[in-house]
Amino acid sequence: MTIDPATTAIVLIEYQNDFVSEGGAFHGAVQAVMDKTDMIANTHRVVAAAREAGVTIVHAPITFAPGYNEITSHPYGILKGVVDGNAFVKGGWGAQIVDELAPQPGDIVVEGKRGLDTFASTNLDFILRSKGITTIALGGFLTNCCVESTMRTGYEHGYRVITLQDCVAAASQEEHDNALKYDYPMFSTPMSAADFTAQL
């Protein structure tokens, strides 16, 4: 597969302290899979190579105002976990993008992500199309949640979707492996960080 940097964007989903850093609300849940995939180091290498090649770098953090008034007063599922953990509060340390992958000049930070699918409550699609992007490479959290939701919508919207399989992590190895084995090949081209950078 040939990857044209001019028409490619890397979408970095929720590389925020509440996932990545010690003391983050969900760090304990994802740490084992993060460590096994070495996702932060892999992502750092991919982003550095992509930036040098001229690939568009897009950051997609999830944030909520204190009190979580943007979502239902009776949350359930993963969003209930966010509320119960007081996670991703706008302006707080937990919601900040981790220092190792902090946005650089020329990067794009997508605002308005309040749910799982990065396309759903943001202008990501508009940004990508206005820049002539036809290929998106995804990394981040969780393997089987926000990354997978974004992957599926990207596929439905006609993008060529690449999932960076060693740049993602989930709350358990079983959930992570299941998504990589059964779901990712249906809606994307799974690829390692090394393979992606080699094809830039």
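The values are calculated or read from the model by the stated rules, or taken from the named source; none is laboratory data. Values in this document were obtained by computation on a predicted structure and should not be read as measured data. With ideal geometry, Cβ positions are generated from the backbone for all residues, glycine too; neighbour counts draw on all protein chains shown. Accessible surface areas use protein heavy atoms only, side chains included; no ligands, DNA or RNA. Shrake-Rupley method; radii C 1.70, N 1.55, O 1.52, S 1.80 Å.
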(message) Please pick out the residue among Y68, Y76 that is free of Cβ contacts under 8 Å to residues at least 12 places away in the same chain, of a type in the set (F, W, Y) and surrounded by fewer than 19 Cβ atoms within 10 Å (Cβ to Cβ).
(response) Y76
(request) Go through the range 124-153 residue by residue and tally those that are crowded, with 17+ Cβ neighbours inside 10 Å, within 15 Å of I13 (Cβ to Cβ) and touching a residue at least 60 places away in the same chain (Cβ under 8 Å). (result) 14
(request) Among residues belonging to the range 154-184 that are out of contact with any Pro (no Cβ under 6 Å at 6 or more places or on another chain) and part of a strand (DSSP E or B), point out the one that is farthest from L101 (Cα to Cα). (result) R160
(message) Being within 19 Å of P66 (Cβ to Cβ) and either of a type in the set (F, W, Y) or exposed (fewer than 14 other Cβ atoms within 10 Å of the Cβ) (or both) is the filter here; which residues of the range 91-110 pass it?
(response) G91, W93
(message) If a residue counts only when it is polar (S, T, N, Q) and touching a helix residue (DSSP H, G or I) at 6+ places or on another chain (Cβ under 9 Å), which helices (runs of 4 or more DSSP H) contained entirely in the range 35-153 have at least 2 such residues?
(response) 39-53
(request) Being open to solvent by less than 20 Å² (accessible area, probe 1.4 Å) and among the acidic types (D, E) is the filter; apply it to the range 14-60 and report the residue that is farthest from D107 (Cα to Cα). (result) D18
